[in-house]
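Enquirer: Quick one: the structure is below, questions incoming.
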Amino acid sequence: MTTETIHDAPHGDVSVDRVELSAELAGEGGRAATADIAEYALRLGDDALILSQQLGAWIARAPELEEDVALGNIALDLLGHARSFLRYAGTYDGRTEDDLAYWRDEPQFRCAWLFEQPNGDFAQTIARQFAASVYQFELYSALAGSSDDTLAAIAAKAVKEVEYHRDHAVQWTLRLAGGTEESRARMIRAVGDVWPYVDELFRDDPLIERLGSAAVRPSGLRPAFDAVVGAVFAEAELDMPQGFVSAGGGREGRHFTTLGYILAEMQVLARQHPGATW
């Protein structure tokens, strides 16, 4: 882009579509998504998008310089997953990934409540990331066998990155739980705060029934998830939280109170300067 072009555009080009996705991640499987596939892709894309936005807030604020880089890289991986799922979802009705990210309001998002939980302190973020990454690893591992070729391709690529995310969260969970009295106390509190929102991830619903082999049955992921969590908690000498379980509702557009603030920050530029380019 020339200097003259930049000066001619009042706001410049802010379109993420300038960065092209590889074919298998771009929702370019040769056919458009059906209504049900699009709804399912929205769920997966919104989970990744909101978690990416949350983790990005730690850049330049993490407790170690290396964590600025690590959390930033994880956020970018998740953003790539979100772009892939949202672009595929948009093939159903002609919306772009930007339309879906920036021009939907809270009731139109389909992310689970876990991903909307506040960052809190570093232990809170790690507890949320531990639950999210273990879940996503099991989900993408199974989804790589989807009868929908595009979903399978996205999952096969994403699971390789999520395996790193899971390892990172496991190591920090062990480190905080086995560190000082203060870090252990914070990790115990964080797990207690986050775990009520885990159950929503594993609830089956009519959409899953309709999709059949194209989707992954959430309840079927629970045994593997519990096995990984149980092994890590045993090593960290952490108890599995019991008691309160959140009602959830994110898959139906009912959200935790924090989502509005997350979206306000994420969408402000696009909405203040619609169609802007630089």
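Since every read-out is calculated from the coordinates, none of them should be taken as a lab result. Keep in mind that what you see is a predicted model, and the values were worked out from it rather than measured. When we count neighbours, we look across all protein chains shown, and the Cβ atoms used for this are built from the backbone with ideal geometry, even at glycine.
Enquirer: Counting each DSSP H run of 4 or more residues in the chain as -39500 (n - 2.57), what helix-only mean residue ellipticity at 222 nm follows after dividing by all residues, to the nearest 500 deg cm²/dmol?
Expert: Details: 11 runs with 164 residues, N = 278.
Rounded to the nearest 500, the figure is -19500 deg cm²/dmol.
Enquirer: Sticking with the crude label model, points 7 Å out along Cα→Cβ, report the distance from Glu106 to Glu209 in nm, one decimal please.
Expert: Computed distance between label sites Glu106 and Glu209 equals 3.0 nm.
Enquirer: A further question on this structure: Where the eigenvalues come from the Cα gyration tensor of the range 221-278, what are the semi-axes √(5λ) of the equivalent ellipsoid, largest first, in whole Å? If you can, show how the numbers build up before the last one.
Expert: On the way: eigenvalues 295, 51, 27 Å².
Whole-Å semi-axes of the equivalent ellipsoid: 38, 16, 12.
Enquirer: Beyond 15 Å, how much of the Cα-Cα pair distribution for the range 128-174 remains, as a whole percent? Don't jump to the answer; show the numbers that get you there.
Expert: Details: 432 of 1081 pairs.
The proportion of pairs with Cα distances above 15 Å equals 40 percent.
Enquirer: Next question. In which sequence would Tyr135, Tyr197 go, from the one with the fewest C-beta neighbours within 10 Å to the one with the most? Walk me through the numbers before you get to the answer.
Expert: Values: Tyr135 26, Tyr197 22.
Taking fewest neighbouring Cβ atoms as first place, the list is Tyr197, Tyr135.
Enquirer: Taking all pairs of distinct Cα atoms, average 1/r, flip it, and tell me the Kirkwood hydrodynamic radius of the range 83-132 in Å to one decimal place.
Expert: Values: mean 1/r = 0.0790 Å⁻¹.
For the range 83-132, the Kirkwood estimate is 12.7 Å.
Enquirer: Ranking Glu182, Glu161 by Cβ neighbours within 10 Å, fewest first, what do you get? Provide the component values of the computation, followed by the final result.
Expert: Numbers: Glu182 10, Glu161 20.
Ascending number of Cβ neighbours within 10 Å: Glu182, Glu161.
Enquirer: On to the next question. Rg over Rh of the range 145-278, using C-alpha atoms and the Kirkwood radius, what does it come to? Don't skip to the answer; put the middle values down first.
Expert: Working: Rg = 18.8 Å, Rh = 18.2 Å.
Dividing the radius of gyration by the Kirkwood radius yields 1.03.
Enquirer: Please give the helix 65-90 orientation as an angle from the longest Cα principal axis of the chain, in degrees from 0 to 90, rounded to the nearest 10.
Expert: Around 60 degrees separate the two axes.
Enquirer: Just need the relative contact order of the chain here, percent rounded to a whole number, with Cα pairs under 8 Å and 6+ apart.
Expert: Numbers: 384 pairs, mean separation 73.9, N = 278.
Computed value for the chain: 27 percent relative contact order.
Enquirer: Of Ile59, Ser84, Ala32, whose Cα points farthest to the positive end of the dipole of the chain (charges on the beta-carbon: +1 Lys, Arg; -1 Asp, Glu; origin at the Cα centre)?
Expert: The residue sitting most towards the positive pole is Ala32.
Enquirer: Given the Cα-Cα distance of Glu181 and Ala57 and 0.36 nm per residue of separation, how much length would full extension add, in nm?
Expert: Gain on stretching Glu181 to Ala57: 42.0 nm.
Enquirer: Scale the Cα Rg of the chain by the rule-of-thumb value 2.2 N^0.38 Å and send over the ratio, two decimals. Mind dumping the intermediate values first?
Expert: Details: Rg = 19.0 Å, N = 278, 2.2 N^0.38 = 18.7 Å.
Ratio of Cα Rg to 2.2 N^0.38 Å: 1.02.
Enquirer: What do you get for the angle between helix 259-272 and the principal long axis of the chain? Use alpha-carbon atoms, 0 to 90 degrees, nearest ten.
Expert: Once rounded, the angle reads 20 degrees.
Enquirer: Hey, how many Å between the Cα centroid of the range 217-278 and the Cα centroid of the range 159-216?
Expert: Using only Cα atoms to place each centre, the spacing works out to 9 Å.
Enquirer: Here's something else I'd like to know. Which value, to two decimals, describes the C-alpha radius of gyration of the range 162-221 once divided by 2.2 N^0.38 Å?
Expert: Numbers: Rg = 16.4 Å, N = 60, 2.2 N^0.38 = 10.4 Å.
Scaled against compact globular proteins, the figure is 1.57.
Enquirer: Could you state the angle between the C-alpha long axis of helix 181-194 and the longest principal axis of the C-alpha atoms of the chain, as a value from 0 to 90 degrees rounded to the nearest 10?
Expert: 60 degrees
Enquirer: Show me, for the range 216-225, the HN-Hα J-couplings you get by feeding each phi into the Karplus relation (A = 6.51, B = -1.76, C = 1.60, θ = phi - 60°), rounded to Hz, glycine and proline as x.
Expert: 10, 6, x, 4, x, 7, 4, x, 5, 4
Enquirer: Let me check the size of the range 83-176 from its C-alpha atoms; what are the radius of gyration and Dmax in Å?
Expert: Rg, Dmax (Cα atoms, Å): 15.3, 46.
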